[in-house]
Amino acid sequence: MVSHATEAERQAAQGYEELFVPALFGAWVPHVLKAAGVSRGAVVLDVACGTGVLARNARDIVGRSGRVTGLDPAAGMLAVAQELQPGITWIQATAEDTGLPADSFDSVATQFGLMFFQDRAAALGEVFRVLHPGGHLGLAVWDTLDRNPVYARVAMLLDDMVGPEAGNAVRVPFALGDAQGVIAELAATGLSDISVETPTEQARFPSIRSLVEAELRGWLPLFHIHLDEPSIERVLTAAEDQLADVAEPSGEAVFPTSAHVFSARRPG
Ligand SMILES: C[S@@+](CC[C@H](N)C(=O)[O-])C[C@H]1O[C@@H](n2cnc3c(N)ncnc32)[C@H](O)[C@@H]1O
């Protein structure tokens with residue numbers, strides 16, 4: 001049962017789907033699906049599914065003999081996910097308290113969600129509980145801001161032009177860049193066969209404006225930071241100047257991003 005999304009929540013999620021998913025998040029899906037061992041016929045859970053890009057790709061792999069469930073607490077995200085793919089089961093819940101039955105998934109995937117969980121130990125405990133013995137977890141978190149320097153610059157721009165709460169909203173996703181710390185949390189949960197890879201993927205936004213617009217229209221509203229149109233225009237104009245070196249001759253903003261992709265298994 002998904003609660004009704006307000007128009008503002010739906011619009012923020014639509015902004016996330018249009019501005020962020022093709023430019024930034026989509027490229028990571030194959031890494032996480034591989035780490036989670038998703039294969040034909042599998043029963044898969046996408047935790048913190050957002051607008052569902054990973055779940056949709058998982059559905060293509062598992063085929064008709066498999067099943068995919070997407071879980072997220074945000075009604076707006078789930079409203080957009082449901083519109084894009086009604087054939088997936090979308091559940092409104094937190095990672096910490098999924099309400100799902102024990103021992104029920106072959107693979108659990110969670111892409112760029114762990115850093116937002118209030119209680120990571122509880123959330124990883126839930127992953128362990130809902131996996132079949134022998135089932136796999138695939139998990140992605142961003143590397144440090146040092147290793148994602150364009151986002152360090154975007155955060156500083158927003159500090160200056162909007163305020164520290166906006167800059168910090170951009171920094172939050174990079175808080176778990178210490179891979180050894182995450183490995184220790186996975187091990188403490190009882191997961192085994194833990195490994196990590198740290199690939200680089202190119203982010204590719206249509207322009208500098210759309211790179212920063214994604215933050216202003218698709219990210220800050222999720223933190224209840226809403227700018228009026230003149231303020232948005234002011235920030236975008238400054239961004240075009242300050243981040244000009246990130247633009248290709250075509251005008252696209254193309255830059256490397258780094259993330260840790262973990263794989264682990266429930267023993268059994
Ligand atoms: C950066 S988005 C990632 C969405 C999606 N996995 C993707 O790759 O596009 C982070 C997601 O985490 C969700 N989230 C935040 N707190 C959560 C929690 N406690 N449990 C589950 N999901 C949560 C948010 O609602 C948001 O959809």
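May I ask for the angle, rounded to the nearest 10°, between helix 75-84 and the longest principal axis of the chain, with both axes built from Cα atoms and the value confined to 0 to 90°? With rounding to tens, the tilt is 80 degrees.
Surface composition of the chain: carbon and sulfur make up 53 percent of the accessible area, probe 1.4 Å.
If you place +1 on the Cβ of every Lys and Arg and -1 on the Cβ of every Asp and Glu, how big does the dipole about the Cα centre of segment 191-268 come out, in debye to the nearest 20?
460 debye
Once the Cα atoms are used to define both axes, helix 229-242 deviates from the longest principal axis of the chain by about 90 degrees. The mean sequence separation of alpha-carbon pairs under 8 Å and at least six residues apart, normalised by the residue count of the chain, gives a relative contact order of 23 percent. Annotation: amide H of THR89 within the under-5 Å range of VAL68, GLY70, sequence separation 5 or more or interchain, hydrogens built in the peptide plane.
MET115 label point, 7 Å along Cα→Cβ, cut-off 19 Å on backbone N: hits in segment 19-45? Under 19 Å, as judged by backbone N against the label point of MET115, lie 19-33 of segment 19-45.
Accessible surface calculations at 1.4 Å, restricted to protein heavy atoms, place the chain at 43 Å² per residue. Couplings 3J(HN,Hα) for segment 33-38, derived from phi with the Karplus relation 6.51 cos²θ - 1.76 cosθ + 1.60 (θ = phi - 60°), are 4, 5, 4, 7, x, 6 Hz, where x marks Gly and Pro.
Accessible surface comparison of MET115, MET161, probe 1.4 Å, protein chains only, largest first: the order is MET161, MET115.
Helix 53-62 and the longest principal axis of the Cα set of the chain meet at an angle near 40°. A straight line joining the Cα centroids of segment 189-225 and segment 33-77 runs 18 Å. With a Förster radius of 35 Å, plug the Cβ-Cβ distance of SER192 and GLN11 into 1/(1 + (r/R0)^6) and report the FRET value to the nearest 0.05. My answer for the efficiency is 0.25. The amide H of SER207, built 1.01 Å from its N in the peptide plane, has ALA253 as neighbours under 5 Å, considering only residues 5 or more places off or on other chains. Summary of packing: across the peptides 179-190, 225-236, the per-residue average of other C-beta atoms within 10 Å ranks them, highest first, as 179-190, 225-236. For segment 176-184, backbone phi angles converted through the Karplus equation (6.51, -1.76, 1.60; θ = phi - 60°) give residue-by-residue couplings of 10, x, 7, 4, 5, x, 5, 4, 4 Hz, Gly and Pro being listed as x. In terms of its alpha-carbon gyration tensor, segment 1-50 comes out oblate; a/c meets the 1.5 threshold, while b/c is at least as large as a/b. Residues whose amide H lies under 5 Å from that of CYS49, counting only those 5 or more places away or on a different chain, are LEU71, ASP72; hydrogens are built 1.01 Å from N in the peptide plane.
The values are calculated or read from the model by the stated rules, or taken from the named source; none is laboratory data. These figures come from a predicted structure and were not determined experimentally. Reconstructed Cβ throughout: ideal geometry from the backbone, glycine too, with neighbour counts over all protein chains shown. The protein model used for the area step is the full one, side chains on, heavy atoms only, and it has no ligands, DNA or RNA in it. Shrake-Rupley method; radii C 1.70, N 1.55, O 1.52, S 1.80 Å.
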